[in-house]
1. Given a 1.4 Å probe and every protein chain left where it sits, what share in percent of the accessible area of the chain is carbon and sulfur?
2. Relative to the first principal axis of the alpha-carbon coordinates of the chain, what is the inclination of helix 97-108, with its axis defined by its Cα atoms, in degrees from 0 to 90 and to the nearest 10?
3. Along the charge dipole of the chain, which of 179, 140, 111 sits closest to the positive end, that is, farthest toward it, with unit charges on the beta carbon of Lys, Arg, Asp and Glu (+1, +1, -1, -1)?
4. From Cα pairs below 8 angstrom and at least 6 apart in sequence, can you work out the relative contact order of region 1-90, rounded to a whole percent?
5. How large, in Å, is the chain by the Kirkwood hydrodynamic radius built from its alpha-carbon pairs?
6. Given a cut-off of under 8 Å on Cα pairs at least six residues apart, what relative contact order in percent is computed for the chain?
7. Among DSSP beta bridges lying fully in region 1-136, give the percent that are antiparallel, nearest 5.
8. To the nearest 500 deg cm²/dmol, what mean residue ellipticity at 222 nm is calculated for the chain from DSSP H runs of n ≥ 4 alone, each contributing -39,500 (n - 2.57), summed and divided by the residues?
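The values are calculated or read from the model by the stated rules, or taken from the named source; none is laboratory data. Keep in mind that what you see is a predicted model, and the values were worked out from it rather than measured. Quick reminder, even Gly has a Cβ in these numbers, built from the backbone with ideal geometry, and neighbours come from all protein chains shown. When the accessible area is computed, the model is the full protein with side chains, heavy atoms only, and any ligands, DNA or RNA have been set aside. Shrake-Rupley method; radii C 1.70, N 1.55, O 1.52, S 1.80 Å.
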Amino acid sequence: MLIRTPDGVTLSADLLGAPGARTVCLVHSLGADGGMWAEQVPVLLAAGYRVLRIDLRGHGGSTASPGAYSMAMLGNDLAFVLKRLALGPVDYVGLSLGGMSGQALALDHPGLLRSIVICDALPESLPNADAIWGPRLAAVRAAGSVQPVAQATIERWLTPAFAAANPARLAEILGTIEATTP
């Protein structure tokens, strides 16, 4: 489903499972989308949960907005979707950027969460963030595309053994990274 925010961004969300069931909200990392949770969704549904996947701005089926993004902005987007869908408090799971924006959601809209699991996300930027991210940002900006950093990203995310055993899934994940709005 597509949900339009007050500032005109269209957010893509996917809600699966029986109405009224306890909802787990899954939010992806930078360069990914709700599809990154493909392996977890069937397990959660089989356990009787409802599953909500939200694509953050500029990712997957969600549109990008011009200018810089803040964690508060992304947290407010998440809150907007949760309020619009009126699911009650959800169990939230966020990976990396999803964990960082989930922290903003928890701080600014605590009543929307029953629980929160934050994976691979810090509460603030690393002291050497410019050294890590600066070259990546420069490459993306120069190309006008995420393609220059896609292969290195997937190599950080997945082991060679996973890549060899799952070539179709690897190609799907690489395609998602490359399709992310710069």
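1. With neighbouring chains kept in place, the figure for the chain is 61 percent.
2. That works out to roughly 40 degrees.
3. The listed residue farthest towards the positive side: 111.
4. Details: 137 pairs, mean separation 29.5, N = 90.
Reported as a whole number, the value is 33 percent.
5. After inverting the mean inverse Cα-Cα distance, the result is 17.0 Å.
6. 21 percent
7. That works out to approximately 35 percent antiparallel.
8. Computed mean residue ellipticity for the chain: -13000 deg cm²/dmol.
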